[in-house]
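Undergrad: Here it is, the structure in full.
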Amino acid sequence: MSNDTIQRFERLLNDYFAGQTLIETGLPDVKYFASRLDLSANYLSDLLNKYTGKTTQEHIHLKLTEKAKSLLWGTERSISEIAYDLGFEHPSHFTKLFKSRTGMSPREFRKLN
């Protein structure tokens, strides 16, 4: 059961970040995925942490960082536009999260690539 749940979570996460959902509804939270899987937020995070070593929030942030990197590499959009595309209300929050995950700002990352 748990492996199936993890696979369903991964599909939901990939689908959420693949579509236009971020622009329309903003960043997903743990409760969003837990409700889609008919689980409590705590149970989902415990399950993911047990099997992957990462909490639900960490999975969301990793997927967000991957999407941000591809937008920084593959588009000429401004950092602010990318932040809004990813569902952030404030570009500074995007920059802070990106830097905490990668060790560099989106602007620094873009210059390297």
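The values are calculated or read from the model by the stated rules, or taken from the named source; none is laboratory data. Computed from a prediction, not measured in an experiment: that's the story for all the values here. Here the Cβ positions follow ideal geometry from the backbone for every residue, glycine too, while neighbour counts run over all protein chains shown.
Undergrad: Regarding the range 20-29, can at least one residue be identified that is modelled with pLDDT of 95 or more and not aliphatic (A, V, I, L, M)?
TA: No: zero hits.
Undergrad: For the range 52-65, which positions are part of a loop (DSSP other than H, G, I, E, B) and either closer than 13 Å to Val30 by Cα or among the aromatic types (Phe, Trp, Tyr) (or both)?
TA: Those that are part of a loop (DSSP other than H, G, I, E, B) and either closer than 13 Å to Val30 by Cα or among the aromatic types (Phe, Trp, Tyr) (or both): Lys54, Thr55.
Undergrad: Are there any pairs, at least 6 apart or on different chains, whose C-beta atoms fall under 8 Å, with the first in the range 76-93 and farther than 16 Å from Leu27 by Cβ and the second modelled with pLDDT under 90, and if so, which?
TA: Arg77/Asp85
Undergrad: Do the conditions hold for Leu44, that is, is it crowded, with 18+ Cβ neighbours inside 10 Å and over 14 Å from Thr5 (Cα atoms)?
TA: no
Undergrad: Would you please list the contacts, defined by Cβ atoms under 6 Å and residues six or more apart or on different chains, that run from a residue in the range 24-41 that is within 14 Å of Glu89 (Cβ to Cβ) to a residue that is modelled with pLDDT under 90 and in a loop (DSSP other than H, G, I, E, B)?
TA: Qualifying pairs under 6 Å: Gly26/Gly87; Leu27/Gly87.
Undergrad: Next question, about the same structure. Can you confirm whether the range 53-69 contains a residue that is more than 23 Å from Ile23 (Cβ to Cβ) and surrounded by fewer than 14 Cβ atoms within 10 Å (Cβ to Cβ)?
TA: Yes, the range 53-69 contains a residue that is more than 23 Å from Ile23 (Cβ to Cβ) and surrounded by fewer than 14 Cβ atoms within 10 Å (Cβ to Cβ).
Undergrad: Now, a different point. For the range 94-106, enumerate the residues that are without any contact (Cβ under 8 Å) to a residue 40 or more places away in the chain and either under 14 Å from the mean Cα position of the chain (by Cα) or surrounded by 12 or more Cβ atoms within 10 Å (Cβ to Cβ) (or both).
TA: Correct list: Phe94, Thr95, Lys96, Leu97, Phe98, Lys99, Ser100, Thr102, Met104, Ser105, Pro106.
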